[in-house]
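Please read the structure below before turning to the comments.
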Amino acid sequence: ILRAMARAAAVVRPYKGVAYGFAGAEEFAAEMEKELGMPFTVAGSSEELCGLSDVIFTQTPGSETVLQRSWLKESGVTIIASGSDQPTKQEIPNDVLTNCKYIPDLTKQTSKVGELRGAIQEGVMTVDDVYAELGEIVNGDKPGREGNEIIVVDLTGTGAQDAAIGQVAWDKLSVL
């Protein structure tokens, strides 16, 4: 998934990639730098990664948070939380969630197995605190970034998304 995310982001715009937190990070950085023609480095800590990044992809199954609000850039950051969703997952701390533009793929799902679930359980957010669902941003019904803000995009996956991703993968692999 990590390679697919790096490749997809490169289609949108050039960036400087930073990897951290997994075995093989050095090999991944070297491979992506060669393939995408963009610089990739390996951070020594999650805090360092956050300080270098405008966009952060989290991809863990963990029940412990992977960053802190004080580590995030004041100029704004987008966090795409797409780790293994389950009732115990909590990658993003509640103080980030309560101070961000929170955008889930589906509120009904994220309130049960996504980042929103933990904030609801702690009583610091409700479904009414959701800024917009992803489809509303993509369709242009609501604006995305509007300045120096924290945006959290919480992706739990939908059947339609999974089918579309599978079709794109099949189409790409079929021509190899």
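The values are calculated or read from the model by the stated rules, or taken from the named source; none is laboratory data. Please read all numbers here as calculations on a predicted model, not as lab measurements. Heads up, the Cβs are rebuilt from the backbone with ideal geometry, glycines too, and the neighbour counts pull from every protein chain shown. Remember, those area values only see protein heavy atoms, side chains included, never the ligands or the DNA or RNA. Shrake-Rupley method; radii C 1.70, N 1.55, O 1.52, S 1.80 Å.
Would you please name the residue that is farthest from L155 (Cα to Cα), looking only at residues in segment 45-93 that are among the hydroxyl-bearing types (S, T, Y) and open to solvent by less than 50 Å² (accessible area, probe 1.4 Å)?
Taking segment 45-93 first, the residues among the hydroxyl-bearing types (S, T, Y) are 45-46, 53, 58, 60, 63, 65, 70, 75, 78, 82, 84, 88.
Retained after the next criterion (residues that are open to solvent by less than 50 Å² (accessible area, probe 1.4 Å)): 45-46, 53, 58, 60, 78, 82.
Details: S45: 24, S46: 21, S53: 19, T58: 10, T60: 12, T78: 13, S82: 5 Å.
This residue is S45.
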Whether any residue in segment 101-108 is over 15 Å from the mean Cα position of the chain (by Cα) and either among the small types (G, A, S) or closer than 20 Å to G51 by Cβ (or both) is what I want to check.
no
For residues in segment 22-50 being out of contact with any strand residue (DSSP E or B) (no Cβ under 9 Å at 6 or more places or on another chain) and in a loop (DSSP other than H, G, I, E, B), which is farthest from S70 (Cα to Cα)?
G37
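Pick from G135, G123: which is open to solvent by less than 60 Å² (accessible area, probe 1.4 Å) and among the small types (G, A, S)? I'd like the intermediate steps shown before the answer.
On the way: G123 fails: open to solvent by less than 60 Å² (accessible area, probe 1.4 Å).
After ruling out the rest, the residue left standing is G135.
Would you confirm, using the coordinates I've provided, whether Y15 is aromatic (F, W, Y) and either closer than 21 Å to T156 by Cβ or open to solvent by less than 70 Å² (accessible area, probe 1.4 Å) (or both)? Steps first, answer last, please.
Working: aromatic (F, W, Y): yes; either closer than 21 Å to T156 by Cβ or open to solvent by less than 70 Å² (accessible area, probe 1.4 Å) (or both): yes.
In short, yes.
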